[in-house]
Amino acid sequence: MENSFVVIIAMLSLGAGAVVMWVVNNNLSKSKSSQILKEAEEKAEVMKKDKMLEAKEKFLQLKAEHEKEVNTRNANIQKEENKIKQQEQSLKQKMEQSQRKDAELDSIKQSLERQMEAVAIKKEEAEKALHNQVKQLEKIAGLTAEEAKKQMVEALHEEARTEALSKIKDITDEAKLTASKEAKKIILSTIQRTAAEHAIENAVSIFNIESDELKGRIIGREGRNIRALEAATGVEFIVDDTPEAIILSCFDPIRREIARLSMHRLVTDGRIHPARIEEVVAKTKKQLEEEIVEIGERTCIDLQIHGLHPELIRMVGRMRYRSSYGQNLLMHSREVANLCATMAAEFGLNVKLAKRAGLLHDIGKVPDDDAETPHALLGMKLAEKYKEHPEVINAIGAHHDEIEMTSILSPIIQACDAISGSRPGARREDTENYMKRLKNLENIALSYPGVEKAFAIQAGRELRVMVESDKVTDDQADLMSIDMSQRIQKEMTYPGQIKITVIREKRSVNFAK
């Protein structure tokens, strides 16, 4: 019992101690909290004062900036007002000046009106006086004013006509001189910029052999090898006393080339008999055909001509073995193509088309099956057949005036063909034909009345005619040169062109004794 009581008392004591401890701790906490609260209030007051000061400083700064901006704006407004006042003053001065000028103009206008009235009065008086004078002149001259006016107009018309004809002649001469200079400049530039190559073809080829002993093997028993060669190639083999040489004669350069190559193969191989000859000639023909195509393709590549029909390419290659007046046809066509390209570039035309037409202009000389048709027309038909450009077709057909020229390209082809053919050394004629042509030129000139002398010079490319001044006038000399040129074109055949110069010189001779 006592223990239980002790325990209860102990527990009560512990409880009372705990209560006392709590009360003590609670009082301590309150005193501490009040102290912290007081410190916080003091800090808040300090911060409030700081913020108030900061806000006041910011307000003062903003106020200063605002006042500065207001002052600047007021200054600008004052400046604009001053400017407007100045403009108003300037306008006022201008208006005053304008009013003064208007007053001056009014006075000038009034003065002019008075002068015009005076002039009108004087004009009326002058017309009356002129009318009276005209009547008096009509009485004296016996002509009316209309008749006199008509005569004067006719006289002035005739004078003006004479003067106009003189000026037209001067302008025409100047235009001809200018055009001639420009044309010569372009042609000379074209010729100078084009490198010319000339290959004169003959009707014979010489095949060199190592010794005369080989001639016997080539001739064969009773000449059977020579006969087999001639039958297979169509070329005449001339074996004469010429040392170490055999002459191959044929007008066709392709057949002559086949014969030469066949001879070279036979001599190199050593087996020379009719069967072998026929075999070698057949192989050589096939090889030469391939070489012809290759030449045509290489020519087109060199000239940068594309899209040409294979048959036209083959014909271009065959040009290598054709000649015209002794001038190699392929070299001539290449030169014409380059000349045309240069001249077309000078005129601002299509250079590729001009080069194409220049290469193909003599394509009609290649086929052998139509000898009656002129080569220009035959070439035009071939170009039409293989779908060439219409301007190229017309240039081919018209370069010898067989058809009408419808394109600016056609006269260029004609001019370049003449340039290529007329180069010194480009073409060759035999001496007899050459002398005959020169004599015919002189005879045509001498057949005209009033011609004193005629000379064919510059290898027949110029005909110089001297006329008698007392029988031929200047106008007749002009007509004579034109008539001679037309007659030469109709009656003669010649390469290039011929210049006709008619010279009329008046000489007055007297003797002092």
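Only one of T284, T268, T299 is farther than 30 Å from V336 by Cα and under 51 Å from the mean Cα position of the chain (by Cα). Can you tell me which?
T284
Could you say whether any residue in the range 416-424 is at pLDDT below 80, over 30 Å from A337 (Cα atoms) and of a type in the set (S, T, Y)?
no
From the list M116, M152, exactly one residue is at pLDDT 80 or above, part of a helix (DSSP H, G or I) and either in contact with a Lys or Arg (Cβ under 7 Å, 6 or more places away or on another chain) or surrounded by 10 or more Cβ atoms within 10 Å (Cβ to Cβ) (or both). Which is it?
When all the criteria are applied, what remains is M116.
Considering only residues that are under 30 Å from S333 (Cβ atoms), open to solvent by 60 Å² or more (accessible area, probe 1.4 Å) and not in a loop (DSSP other than H, G, I, E, B), look in the range 197-255 and name the one that is modelled with the highest pLDDT.
R255
From the residues in the range 360-380 that are open to solvent by 10 Å² or more (accessible area, probe 1.4 Å) and not charged (D, E, K, R), which one is nearest to P253 (Cα to Cα)?
Start the filter on the range 360-380 by keeping residues that are open to solvent by 10 Å² or more (accessible area, probe 1.4 Å), which leaves 365, 367-375, 377-378, 380.
Next, only the ones that are not charged (D, E, K, R) stay: 367, 371, 373-375, 377-378, 380.
Values: P367: 13, A371: 17, T373: 21, P374: 21, H375: 18, L377: 23, L378: 21, M380: 24 Å.
Residue satisfying both the conditions and the ranking: P367.
Can we say R265 is farther than 29 Å from I393 by Cβ, surrounded by fewer than 21 Cβ atoms within 10 Å (Cβ to Cβ) and touching a Leu at 6+ places or on another chain (Cβ under 7 Å)?
The answer is no for R265.
Could you list all residues from the range 284-317 that are surrounded by 13 or more Cβ atoms within 10 Å (Cβ to Cβ) and within 29 Å of N225 (Cβ to Cβ)?
T284, K285, Q287, L288, E289, E291, I292 - these are the residues of the range 284-317 that are surrounded by 13 or more Cβ atoms within 10 Å (Cβ to Cβ) and within 29 Å of N225 (Cβ to Cβ).
Out of A344, A357, A383, A337, report the one residue that is over 17 Å from C416 (Cα atoms), small (G, A, S), out of contact with any strand residue (DSSP E or B) (no Cβ under 7 Å at 6 or more places or on another chain) and crowded, with 24+ Cβ neighbours inside 10 Å.
Checking each option against the conditions leaves just A383.
Just to be sure before I move on: is K355 in contact with a His (Cβ under 9 Å, 6 or more places away or on another chain) and among the charged types (D, E, K, R) in the structure I sent?
no
When you go through V509, V467 one by one, which is the residue that is open to solvent by less than 30 Å² (accessible area, probe 1.4 Å) and not polar (S, T, N, Q)?
Result: V467 is the single residue among V509, V467 that is open to solvent by less than 30 Å² (accessible area, probe 1.4 Å) and not polar (S, T, N, Q).
Can you give me the number of residues within the range 482-505 that are under 22 Å from P411 (Cβ atoms), surrounded by fewer than 16 Cβ atoms within 10 Å (Cβ to Cβ) and either among the acidic types (D, E) or in contact with a strand residue (DSSP E or B) (Cβ under 9 Å, 6 or more places away or on another chain) (or both)?
Number of matching residues: 3.
Out of the residues in the range 452-464 that are at pLDDT 75 or above and open to solvent by 70 Å² or more (accessible area, probe 1.4 Å), state the one that is nearest to the chain's Cα centre (by Cα). Outline the logic, then answer.
Kept after step one, since they are at pLDDT 75 or above, are these residues of the range 452-464: 452-456, 461-464.
If we keep only those that are open to solvent by 70 Å² or more (accessible area, probe 1.4 Å) too, we end up with 452-453, 455, 461, 464.
Details: E452: 47, K453: 45, F455: 41, R461: 31, R464: 37 Å.
Among residues in the range 452-464 that are at pLDDT 75 or above and open to solvent by 70 Å² or more (accessible area, probe 1.4 Å), the one nearest to the chain's Cα centre (by Cα) is R461.
Search the range 284-302 for residues being of a type in the set (S, T, N, Q) and free of Cβ contacts under 8 Å to residues at least 40 places away in the same chain, and hand back the single one that is farthest from M263 (Cα to Cα).
Applying the filter and picking the extreme gives Q287.
Pull up the range 390-409, narrow it to residues that are over 21 Å from M331 (Cβ atoms) and assigned to a loop (DSSP other than H, G, I, E, B), then point me to the one that is farthest from the chain's Cα centre (by Cα).
In this case the residue turns out to be E402.
For the range 473-513, which residues satisfy the criterion of being modelled with pLDDT of 80 or more and either assigned to a strand (DSSP E or B) or in contact with a Gly (Cβ under 6 Å, 6 or more places away or on another chain) (or both)?
Answer for the range 473-513, where residues must be modelled with pLDDT of 80 or more and either assigned to a strand (DSSP E or B) or in contact with a Gly (Cβ under 6 Å, 6 or more places away or on another chain) (or both): K499, I500, T501, V502, I503, R504.
Which residue is nearest to I500 (Cα to Cα), if the candidates are limited to the range 435-451 and must be surrounded by 14 or more Cβ atoms within 10 Å (Cβ to Cβ) and among the charged types (D, E, K, R)?
Out of the qualifying residues, it is E442.
Could we say that I305 is within 23 Å of N208 (Cα to Cα), touching a Lys or Arg at 6+ places or on another chain (Cβ under 6 Å), in contact (Cβ under 8 Å) with a residue 12 or more places away in the chain and outside any helix (DSSP H, G or I) here?
No: the conditions fail for I305.
Every residue in the range 363-389 that is modelled with pLDDT of 85 or more and not in a helix (DSSP H, G or I), please.
Y386, K387, E388, H389
The values are calculated or read from the model by the stated rules, or taken from the named source; none is laboratory data. Quick caveat, the model's predicted, so the values are computed rather than measured. Cβ atoms come from the backbone with ideal geometry, glycine included; neighbour counts cover every protein chain shown. Note: accessible area is taken over every heavy atom of the protein model, side chains too, but ligands, DNA and RNA are not part of it. Shrake-Rupley method; radii C 1.70, N 1.55, O 1.52, S 1.80 Å.
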